[in-house]
Amino acid sequence: MTPVTRQEVLGLYRKIFRIAKKWQSASGQIEETIKEKEYIKNEAKTLFKKNKNVMDPKLIKQCIEECEARIEIGLHYNIPYPRPIHLPPMGLAHKQGRMLRHQEKLRKISKPIYLKSHDEVS
(Lines give C-alpha, C1' and ligand atoms only; values in the text may rest on other atoms or scores of the structure.)
Protein backbone atom coordinates (compact mmCIF):
# COMPACT_ATOMS: atom_id res chain seq x y z
CA MET A 1 0.00 0.00 0.00
CA THR A 2 1.42 3.37 -0.98
CA PRO A 3 1.67 6.14 1.63
CA VAL A 4 -0.96 8.17 -0.25
CA THR A 5 -3.41 5.24 -0.25
CA ARG A 6 -2.70 4.56 3.41
CA GLN A 7 -3.48 8.18 4.29
CA GLU A 8 -6.68 8.02 2.23
CA VAL A 9 -7.83 4.85 4.02
CA LEU A 10 -7.00 6.25 7.46
CA GLY A 11 -8.81 9.46 6.52
CA LEU A 12 -11.93 7.49 5.61
CA TYR A 13 -11.72 5.57 8.88
CA ARG A 14 -11.51 8.80 10.89
CA LYS A 15 -14.32 10.33 8.79
CA ILE A 16 -16.62 7.41 9.63
CA PHE A 17 -16.00 7.79 13.35
CA ARG A 18 -16.60 11.55 13.17
CA ILE A 19 -19.90 10.84 11.38
CA ALA A 20 -20.82 8.26 14.04
CA LYS A 21 -20.07 10.76 16.80
CA LYS A 22 -22.43 13.37 15.30
CA TRP A 23 -25.06 10.89 14.03
CA GLN A 24 -28.73 11.55 14.73
CA SER A 25 -31.36 8.99 13.78
CA ALA A 26 -34.18 9.97 11.45
CA SER A 27 -36.73 9.22 14.17
CA GLY A 28 -34.95 11.42 16.70
CA GLN A 29 -35.27 8.83 19.46
CA ILE A 30 -32.25 8.51 21.74
CA GLU A 31 -32.31 4.69 21.80
CA GLU A 32 -32.45 4.56 18.00
CA THR A 33 -29.59 7.07 17.70
CA ILE A 34 -27.39 5.08 20.07
CA LYS A 35 -28.16 1.85 18.23
CA GLU A 36 -27.31 3.40 14.85
CA LYS A 37 -24.09 4.97 16.18
CA GLU A 38 -22.97 1.57 17.47
CA TYR A 39 -23.87 -0.05 14.14
CA ILE A 40 -21.76 2.50 12.23
CA LYS A 41 -18.74 1.94 14.51
CA ASN A 42 -19.02 -1.86 14.51
CA GLU A 43 -19.52 -2.05 10.74
CA ALA A 44 -16.48 0.17 10.14
CA LYS A 45 -14.27 -1.83 12.51
CA THR A 46 -15.39 -5.14 11.02
CA LEU A 47 -14.88 -4.14 7.39
CA PHE A 48 -11.59 -2.35 7.93
CA LYS A 49 -10.19 -5.33 9.91
CA LYS A 50 -11.42 -7.71 7.22
CA ASN A 51 -9.64 -5.75 4.49
CA LYS A 52 -6.46 -4.77 6.35
CA ASN A 53 -4.33 -7.37 4.54
CA VAL A 54 -5.51 -6.45 1.04
CA MET A 55 -2.47 -5.55 -1.08
CA ASP A 56 -3.88 -5.47 -4.62
CA PRO A 57 -4.18 -1.79 -5.70
CA LYS A 58 -7.35 -2.49 -7.72
CA LEU A 59 -9.01 -4.19 -4.78
CA ILE A 60 -7.97 -1.38 -2.43
CA LYS A 61 -9.43 1.17 -4.85
CA GLN A 62 -12.67 -0.84 -5.01
CA CYS A 63 -12.90 -0.95 -1.19
CA ILE A 64 -12.31 2.82 -1.00
CA GLU A 65 -15.05 3.43 -3.58
CA GLU A 66 -17.45 1.19 -1.66
CA CYS A 67 -16.70 3.05 1.57
CA GLU A 68 -17.23 6.45 -0.03
CA ALA A 69 -20.48 5.28 -1.64
CA ARG A 70 -21.83 3.94 1.66
CA ILE A 71 -20.91 7.18 3.43
CA GLU A 72 -22.67 9.32 0.82
CA ILE A 73 -25.77 7.13 0.69
CA GLY A 74 -25.97 6.98 4.49
CA LEU A 75 -25.69 10.74 4.84
CA HIS A 76 -28.12 11.42 2.01
CA TYR A 77 -30.88 9.12 3.24
CA ASN A 78 -30.00 9.47 6.94
CA ILE A 79 -29.92 5.68 7.23
CA PRO A 80 -26.68 3.98 8.32
CA TYR A 81 -27.69 0.56 7.01
CA PRO A 82 -26.95 -0.46 3.40
CA ARG A 83 -29.86 0.07 1.04
CA PRO A 84 -31.09 -3.30 -0.24
CA ILE A 85 -31.32 -4.17 -3.89
CA HIS A 86 -34.69 -5.39 -5.06
CA LEU A 87 -34.20 -8.31 -7.38
CA PRO A 88 -36.56 -11.25 -7.21
CA PRO A 89 -34.78 -14.54 -6.39
CA MET A 90 -34.71 -15.74 -10.00
CA GLY A 91 -35.46 -12.39 -11.61
CA LEU A 92 -32.58 -12.23 -14.05
CA ALA A 93 -33.38 -14.00 -17.28
CA HIS A 94 -30.95 -16.72 -18.26
CA LYS A 95 -29.76 -17.42 -21.76
CA GLN A 96 -30.91 -20.59 -23.40
CA GLY A 97 -28.96 -23.61 -22.14
CA ARG A 98 -27.42 -21.85 -19.14
CA MET A 99 -27.85 -23.20 -15.62
CA LEU A 100 -28.29 -21.69 -12.18
CA ARG A 101 -24.60 -20.77 -12.03
CA HIS A 102 -25.21 -18.20 -14.73
CA GLN A 103 -28.06 -16.71 -12.66
CA GLU A 104 -25.76 -16.44 -9.64
CA LYS A 105 -23.04 -14.83 -11.74
CA LEU A 106 -25.49 -12.25 -13.12
CA ARG A 107 -26.74 -11.46 -9.61
CA LYS A 108 -23.18 -10.97 -8.39
CA ILE A 109 -22.36 -8.67 -11.30
CA SER A 110 -25.56 -6.65 -10.85
CA LYS A 111 -24.91 -5.96 -7.15
CA PRO A 112 -24.17 -2.26 -6.54
CA ILE A 113 -20.73 -1.29 -5.26
CA TYR A 114 -22.03 -0.22 -1.87
CA LEU A 115 -23.20 -3.78 -1.15
CA LYS A 116 -20.13 -5.75 -2.28
CA SER A 117 -18.89 -6.55 1.24
CA HIS A 118 -22.23 -6.45 3.08
CA ASP A 119 -23.25 -10.08 2.44
CA GLU A 120 -19.75 -11.35 3.27
CA VAL A 121 -19.81 -9.77 6.74
CA SER A 122 -23.49 -10.13 7.70
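The values are calculated or read from the model by the stated rules, or taken from the named source; none is laboratory data. On a predicted model such as this, the values are computed, not experimentally measured, just so you know. Don't worry about glycine lacking a Cβ; one is built from the backbone with ideal geometry, like all the others, and counts go over all protein chains shown. Note: areas computed on protein heavy atoms with side chains; ligands, DNA, RNA excluded. Shrake-Rupley method; radii C 1.70, N 1.55, O 1.52, S 1.80 Å.
If packing is taken as the average count of other Cβ atoms within 10 Å, what order do 30-39, 48-57 fall into, highest mean first? Please report the intermediate quantities before stating the final value.
Values: 30-39: 13.9, 48-57: 11.2.
So the peptides 30-39, 48-57, ranked by packing, come out 30-39, 48-57.
The 3J(HN,Hα) values that the Karplus relation (6.51, -1.76, 1.60; θ = phi - 60°) gives for the stretch 39-45 are, in residue order, 4, 4, 5, 5, 5, 5, 4 Hz. Gly and Pro appear as x.
Using the structure shown, select from LYS21/LYS50; LYS22/LYS61; LYS21/LYS61; LYS35/LYS61; LYS21/LYS41; LYS37/LYS61 the pairs with a Cα to Cα distance greater than 18 angstrom. Don't jump to the answer; show the numbers that get you there.
On the way: LYS21/LYS50 23 Å; LYS22/LYS61 27 Å; LYS21/LYS61 26 Å; LYS35/LYS61 30 Å; LYS21/LYS41 9 Å; LYS37/LYS61 26 Å.
Among LYS21/LYS50; LYS22/LYS61; LYS21/LYS61; LYS35/LYS61; LYS21/LYS41; LYS37/LYS61, the Cα-Cα distance tops 18 Å for LYS21/LYS50; LYS22/LYS61; LYS21/LYS61; LYS35/LYS61; LYS37/LYS61.
Can you give the Rg to Rh ratio of the stretch 3-84, both from alpha-carbon atoms, with Rh computed by the Kirkwood formula?
That ratio is 1.00, to two decimals.
Per-residue extension of 0.36 nm, minus the Cα-Cα distance of ASP56 and TYR39, leaves a gain of 3.3 nm for this segment. Estimated at 0.36 nm per residue, the fully extended path between GLN24 and ARG83 surpasses their Cα-Cα distance by 19.5 nm.
Using a 1.4 angstrom probe, figure out how much accessible area the stretch 3-84 has per residue, in square angstrom, rounded to the nearest whole. Present the calculation step by step, with values, prior to reporting the outcome.
Working: 5690 Å² over 82 residues.
With the other protein chains kept in place, the stretch 3-84 gives 69 Å² per residue.
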